[in-house]
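Written below as structure tokens is the structure these notes are about.
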Amino acid sequence: MGVFGEVLVVVGVVDDKNDTYFPKKDLIFGLDISLGKVLWKTQTAENYEVNNINGLHYGLKPYKEGTIVRALGGNHYFELDTQNGRIQATSLQEQLTLLGLKYLQSSDISSTHLFFKSESSQGHGLDNCIGSFNYETKKIDWHHVIDELSETGTTIKNGEPKASANKIYALDTNNTLHIFERVL
């Protein structure tokens, strides 16, 4: 994941032989790079009702030199404090329901926003929506459903969308680049 001050944050997967439904679990830990010792490790967020962070590593994004790493995963917004390993989770289920979105997966970050892909209620199992989440207000402030993706059976690729100062880019599995003006 990266180095934050003197802490190297690493994401791994461990096997839980006692769990027949979800035997692979994400494990995030912080290593003191000068001492070479584990400072903390975590598999749960303090206020995350599912009580695990599986899949969270796909969307964890640091912004510049801060110590907080942010992510959108499932129906939650997560903040990981790289100095102590504490994870805070905020449910976004109410917003997702109002907007007709099923889940969020973050892929890019700016000074105030995480950018995500999602499946809309018309997605038929395909990621056909992109959007932006303001992590200061904890609100989804823009999203766009790309209708032609569902019609053609195409989905937004993993790791998309990407954002620049004034545009949001999303590459689909047919290698079509969708470009949107960023108005926030």
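The values are calculated or read from the model by the stated rules, or taken from the named source; none is laboratory data. Computed from a prediction, not measured in an experiment: that's the story for all the values here. With ideal geometry, Cβ positions are generated from the backbone for all residues, glycine too; neighbour counts draw on all protein chains shown.
Here are a few things to note about the model shown:
- Some residue of the stretch 141-153 being crowded, with 21+ Cβ neighbours inside 10 Å, closer than 18 Å to GLY73 by Cβ, of a type in the set (A, V, I, L, M, F, W, C) and in contact with an Asp or Glu (Cβ under 9 Å, 6 or more places away or on another chain): no
- Here is the figure for the stretch 107-139: residues that are within 16 Å of GLY73 (Cβ to Cβ) and more than 13 Å from the chain's Cα centre (by Cα) total 4.
- Only listed residue being at pLDDT below 75, buried (at least 18 other Cβ atoms within 10 Å of the Cβ), of a type in the set (A, V, I, L, M) and under 22 Å from ILE109 (Cα atoms), chosen from LEU56, LEU80: LEU56
- Selection within the stretch 74-115 - farther than 16 Å from HIS144 by Cα and of a type in the set (Gly, Ala, Ser): GLY74, GLY85, ALA89, SER91, SER110, SER111
- Taking residues in the stretch 87-98 that are more than 13 Å from TYR135 (Cα to Cα) and in contact (Cβ under 8 Å) with a residue 12 or more places away in the chain, and partners anywhere that are charged (D, E, K, R) and assigned to a strand (DSSP E or B), the pairs with Cβ atoms closer than 8 Å and at least 6 places apart or on different chains are ILE87/GLU79; ILE87/ASP81; GLN95/LYS139.
- Of ALA165, ALA170, all but one fail to be closer than 28 Å to GLY66 by Cβ and at pLDDT below 85; the exception is ALA165.
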